[in-house]
Amino acid sequence: MFSGVQPTGKLHLGNYLGAIQNWVELQKEFKCIFCIVDLHAITVPDNRKDLKKNSLEVAAAYIASGIDPKKNIIFCQSGVSGHSELSWILSCFAPMGWLNRMTQFKDKAGKNKEKAPLGLYSYPVLMAADILLYQSTHVPVGEDQKQHLELCRDIAQAFNRFNNINFFPIPEPVIMGSATRVMSLKNGLNKMSKSDPSDLSRINLLDSAELIKKKIQKSKTDSGSFPENDQHLSGRPEVENLINIFCSFSRENRQYVYRKYSGKTFSEFKNDLAKILSDEFSIISKKAKELINETDYLENVLEEGAIRANEIAEKNIKEIKKIMGFK
Ligand code: AMP
Ligand code: TRP
């Protein structure tokens with residue numbers, strides 16, 4: 001199993017519920033590789049600052065959330081050259097027509113595509129290389145990465161087909177949990193994201209319990225009453241988002257939430273939500289803050305991880321070059 005997060009500063013609730021919380025469960029079942037995708041981060045100029053500090057922060061967040069660095073491989077993408085090498089080879093199997101469909105590129109490039117870096121355009125090919133380099137079979141991600149994973153499957157098939165070989169397994173996306181797409185606390189139509197200018201729109205991993213409470217209390221709802229069933233959620237994205245977050249932390253389903261809160265006020269619901277959220281999140285946050293100061297330990301984990309990842313990567317790159325017919 002392979003997954004990754006970009007070291008772009010400020011991990012938030014979306015990263016936790018969409019990805020990391022699920023990894024903690026999956027590590028029990030799979031051999032896992034958790035990558036800090038720093039080569040992806042540099043596709044956006046702003047993210048080229050503080051790469052090292054941000055990478056250590058992601059490593060601290062992984063470990064604080066419960067990922068075991070002994071059992072799993074945790075490493076930085078730039079420490080294993082096979083990612084870039086395979087990315088080039090795979091780019092030769094990826095028609096531009098496929099890449100032109102990627103909605104994340106369109107969103108990130110904005111109106112002026114001529115000025116967008118080539119790396120931002122080929123970002124999904126590097127992502128396919130990350131996954132296929134380890135012959136991964138399962139990739140847990142948030143909903144927003146589904147399209148990139150479909151492209152990865154297409155590229156794997158194109159490579160296998162052209163070379164008439166079954167080398168790359170076709171990886172399965174694993175999109176699990178009650179909050180696969182966590183929305184902004186201020187506008188239920190926007191994804192929670194670190195680039196939103198309003199800090200009140202998101203819950204950051206390192207926010208204090210008090211700040212988490214304040215953000216939940218101030219989060220947007222609407223003037224309707226507390227919903228009693230799924231039909232009452234229609235057209236109410238902010239309410240749906242808060243209920244999904246509640247379900248993720250309480251490990252309960254929506255029916256439970258409807259039974260418990262129908263007839264009550266949003267303020268009561270928000271009090272309870274703030275409590276369960278900050279109970280789990282502030283423990284992780286506290287651990288992460290402690291770990292961030294243990295630079296030597298974190299660097300050791302990443303170095304050790306890169307050595308283990310390289311062992312697999314080098315073997316596979318050799319094989320891939322042989323398949324391609326390079327001398
Ligand atoms: P990124 O920060 O873009 O590197 O994302 C890392 C992981 O977090 C990916 O698996 C994303 O799908 C997931 N993720 C990011 N934002 C959200 C969100 N708002 N809701 C759910 N998952 C998210
Ligand atoms: N593109 C992913 C994101 O922004 C991060 C990522 C890079 C990734 N390589 C990956 C996720 C490989 C899963 C597998 O969220």
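General remarks:
- For chymotrypsin sites (Phe, Trp or Tyr not before Pro), the sites in region 153-182 that DSSP calls loop and that have at most 16 other Cβ atoms within 10 Å are Phe167.
- Residue pairs, from the table Lys213/Lys270; Lys214/Lys270; Lys53/Lys191; Lys49/Lys113; Lys215/Lys270; Lys10/Lys113, whose Cα atoms sit over 19 Å apart: Lys53/Lys191; Lys49/Lys113; Lys10/Lys113
- Extension gain, Ser267-Ser223: 0.36 nm per intervening residue step, less the Cα-Cα distance, totals 14.6 nm.
- Region 81-148: C-alpha gyration tensor shape, a/c 1.5 cut-off, then a/b vs b/c: oblate
- For Glu85 and Asp154, the difference between the fully extended length at 0.36 nm per residue and the C-alpha to C-alpha distance is 23.0 nm.
- Cα-projected label distance for Thr137 with Glu294, points at 7 Å along beta-carbon direction, nm: 3.3
- Comparing Cα centroids, region 258-323 and region 194-213 end up 16 angstrom apart.
- Here the simple spin-label model places points 7 Å from the Cα toward Cβ, and for Arg48 and Ile165 these points are separated by 3.6 nm.
- Counting every alpha-carbon pair across the chain, the share separated by more than 27 Å comes to 47%.
- Length-normalised contact order for the chain - Cα pairs under 8 Å, 6+ apart - percent: 24
- Three-way shape call for region 206-327 based on the alpha-carbon gyration tensor, with the a/c threshold at 1.5: oblate
- Relative contact order of region 73-200, defined on C-alpha pairs under 8 angstrom at six or more residues apart (%): 23
- Where both bridge residues fall in the chain, DSSP classifies roughly 15% of the beta bridges as antiparallel.
- Calculated FRET efficiency, Lys287 to Leu211, Cβ-Cβ distance, R0 = 30 Å: about 0.95 to the nearest 0.05.
- Look at the alpha carbon pairs under 8 Å that are at least 6 residues apart: their mean separation over the length of region 192-327 gives a relative contact order of 27 percent.
- Shape call, region 44-88: gyration tensor on alpha carbons, a/c limit 1.5: oblate
- Point-to-point label distance, Gln255-Leu118, nm (Cα→Cβ direction, 7 Å offset): 5.6
Read-outs throughout are calculated quantities, based only on the coordinates presented, and are distinct from any laboratory measurement. These numbers come from a predicted model, not from an experiment. All Cβ positions, glycine included, derive from the backbone under ideal geometry; neighbour counts span all protein chains shown.
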